[in-house]
Every structure is written in C-alpha cells, then in structure tokens.
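Following: one structure in structure tokens, then a few remarks.
The values are calculated or read from the model by the stated rules, or taken from the named source; none is laboratory data. Bear in mind that the values here come from a model prediction, so they are computed numbers and not experimental data. Here the Cβ positions follow ideal geometry from the backbone for every residue, glycine too, while neighbour counts run over all protein chains shown. Heads up: the accessible areas ignore ligands, DNA and RNA and are worked out on the full protein's heavy atoms, side chains in. Shrake-Rupley method; radii C 1.70, N 1.55, O 1.52, S 1.80 Å.
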Amino acid sequence: MTRPADRTTNRWDADSYDGDHSFVFEYGETLVDLLEPEAGERILDIGCGTGHLSARIAEAGADVVGIDASEEMIRKARQTHSDCEFARADARSFSFERPFDAVFSNAALHWIPEQDEVLELISDALAPDGRFVAELGGAGNVAAIVDAVSEVAAEHGYDVTNPWHFPTIGEYATRLESHGLETRYATLFDRPTALENGPEGLEKWLSMFGDSLLEPIPEAERSEVITAVEDRLRADRYRDGTWFADYRRLRVVATNSC
Ligand code: BEZ
C-alpha cells in the first residue's frame with residue numbers, strides 16, 4: 001500500500017521548473033509584497049524551490065533561510081542565489097535554534113498531507129508575534145483537471161483521487177488557530193493560469209506536477225489517458241493555442257499568538 005506521504009512525492013526537475021513553469025514564482029512576487037519583509041528580519045521560506053522568492057525577500061535586506069525537500073532544487077538555489085542560505089529539509093521535520101520573524105511559503109504546503117505537523121513546526125519556529133504568510137492551492141484548485149483525470153482513469157479501471165490538500169478558508173483558519181496562529185487575513189480567489197508550451201501545455205504540466213495524481217495509472221497507459229483528458233478539457237480550458245489551468249489560491253496571513 002502507498003502511504004500518503006509517498007503519494008505526494010514528485011520528481012522535481014529544477015530546470016523545467018524555472019523554464020516552463022516559472023509562473024509559480026512569478027505569481028508569488030505579490031505574496032512577497034504581502035509579507036512586507038524588512039531589513040534585518042530573519043525569514044524562513046518553506047518549499048523555496050530554486051530560491052527565486054527567497055532572493056526577492058532578501059532584496060529588502062532580510063536574512064533568508066530557504067528550505068526544500070528536493071536536493072535538486074536546493075542545489076540550483078545555491079548556485080543561483082548567493083545572498084540567501086539554503087538547506088535541504090522536510091517541512092514535516094525541520095528545526096532551527098534561532099526563531100524567525102516570519103515564515104513564508106508559496107505553492108508548497110498543499111503537497112503535504114501532514115498539515116498539523118507542518119503548522120506546529122511553523123508555530124514553534126516563529127518568534128512571539130512573528131507572522132506566517134502563505135499561498136497554497138485552495139478548495140476547488142485544479143478541480144477540472146483532477147476530475148477529468150479521475151473520470152478517464154475510471155474508464156480504464158483505475159481509481160484516481162486528489163493527492164493534494166486544498167483547504168477552504170474556514171478549515172485552514174481553524175487549523176491555524178489550533179496551532180496558536182491567529183488569522184489576520186485570508187482570501188480564496190480564482191487564478192486561471194496560462195500554461196507554457198502551447199498545445200503540449202497540459203501534458204507538460206501533468207508531467208511536471210502530476211506524478212502523484214497519475215500514480216495509479218501504469219506508465220504504459222498514461223499517454224492514452226492524457227490524450228483523453230485533453231479531449232475532455234479542450235472546449236473549456238484551451239483557447240487560441242494555450243491551455244489554462246483552473247488554479248484557485250488560498251492566501252493567509254497569521255500571527256503567532258503563543
Ligand atoms: C498549485 O500550485 O496549486 C499546484 C501545482 C501543482 C499541482 C497541484 C497544485
């Protein structure tokens with residue numbers, strides 16, 4: 001049997017992430033504005049990927065530590081951004097001796113089934129009154145894609161379920177509160193997102209991010225399944241040569257009330 005933690009494992013390709021999927025950190029720039037980093041602050045970036053947003057935060061004069069579970073992402077982050085410290089670490093088990101003024105995370109936390117473990121560590125890592133600023137997929141995120149994959153997979157005899165955690169505002173605020181984090185701001189909004197690579201955009205997105213979603217489908221049948229998924233989604237999600245993913249984002253700012 002596959003454990004939940006394994007289902008969210010993805011094979012990360014740092015070059016493809018920076019090239020074809022750069023929208024992930026480009027959209028994250030406005031999350032840095034919400035963070036309002038200040039000179040001298042110590043800030044932790046969880047799921048920093050190749051470190052672009054860590055570097056953006058460091059431009060304000062903050063001391064930034066970026067962590068990511070992928071060795072490949074951390075290697076590339078270190079090569080590219082010498083102004084930050086990077087460490088390979090799992091969001092479910094990290095620890096630092098000195099507290100942080102803020103914890104930041106963009107498009108990473110929905111990969112982790114153990115939400116309570118992560119939020120407890122975030123709360124522990126924050127200084128009193130420290131802030132947690134995050135964006136993740138929210139309830140309904142990429143639902144059209146997940147539903148289409150799940151329907152086509154069922155026709156092939158496979159049971160595909162959403163491997164990600166996309167909470168509602170209510171669910172997340174309650175969870176934050178149970179870890180001593182007081183929600184000061186929360187919003188859930190649609191962000192239809194144009195995918196790179198023209199007609200191949202959806203296939204490339206699935207190959208970058210979809211390992212855990214497609215996991216029940218044997219490799220030999222995936223290409224046929226993806227073609228059928230494209231046929232199912234084309235009328236609604238393909239326009240003028242570009243695929244649009246039905247992203248929906250949850251943004252929160254919470255403060256450490258412990
Ligand atoms: C997201 O950022 O919302 C996301 C990315 C890849 C897979 C699932 C969700």
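Quick notes on this one:
- Filter result (within 18 Å of Glu155 (Cβ to Cβ) and within 16 Å of the ligand (Cβ to nearest atom)) within the stretch 203-216: Leu206, Gly210, Leu213, Leu214, Glu215
- For Thr242, the test of being more than 16 Å from the ligand (Cβ to nearest atom), among the hydroxyl-bearing types (Ser, Thr, Tyr) and under 27 Å from Asp15 (Cβ atoms) is passed.
- Residue check, Ala69 more than 14 Å from the ligand (Cβ to nearest atom) and closer than 28 Å to Glu182 by Cα: yes
- Filter result for Asp45 (in contact with a Ser or Thr (Cβ under 6 Å, 6 or more places away or on another chain) and either among the hydroxyl-bearing types (Ser, Thr, Tyr) or at pLDDT 95 or above (or both)): yes
- Test: residue in the stretch 116-134 that is closer than 30 Å to Asp231 by Cα and either acidic (Asp, Glu) or within 15 Å of the ligand (Cβ to nearest atom) (or both): no
- Residue satisfying condition, being in contact with an Asp or Glu (Cβ under 7 Å, 6 or more places away or on another chain) and closer than 24 Å to Val24 by Cα, within set Ala173, Ala134, Ala102, Ala139: Ala102
- Scope the stretch 100-128; condition touching a Gly at 6+ places or on another chain (Cβ under 8 Å) and in a loop (DSSP other than H, G, I, E, B); matching residues: Ala107, Ala108
- Odd one out for Ser257, checked against (1) over 21 Å from Asn106 (Cα atoms); (2) within 16 Å of the ligand (Cβ to nearest atom); (3) in contact with a Gly (Cβ under 6 Å, 6 or more places away or on another chain): (2)
- Pick from the stretch 116-149, criterion over 17 Å from the mean Cα position of the chain (by Cα) and free of Cβ contacts under 8 Å to residues at least 40 places away in the same chain, ranking: most open to solvent (accessible area, probe 1.4 Å): Asp124
- The one condition in (1) touching a residue at least 60 places away in the same chain (Cβ under 8 Å); (2) farther than 17 Å from Arg249 by Cα that Val160 fails to fulfil: (1)
- Checking the stated criteria, Gly28 turns out to be part of a helix (DSSP H, G or I) and either in contact with a Ser or Thr (Cβ under 6 Å, 6 or more places away or on another chain) or under 22 Å from Ala194 (Cα atoms) (or both).
- Residue satisfying all of: in the stretch 100-115; open to solvent by less than 10 Å² (accessible area, probe 1.4 Å) and over 20 Å from Asn162 (Cα atoms); farthest from the ligand (Cβ to nearest atom) among these: Phe100
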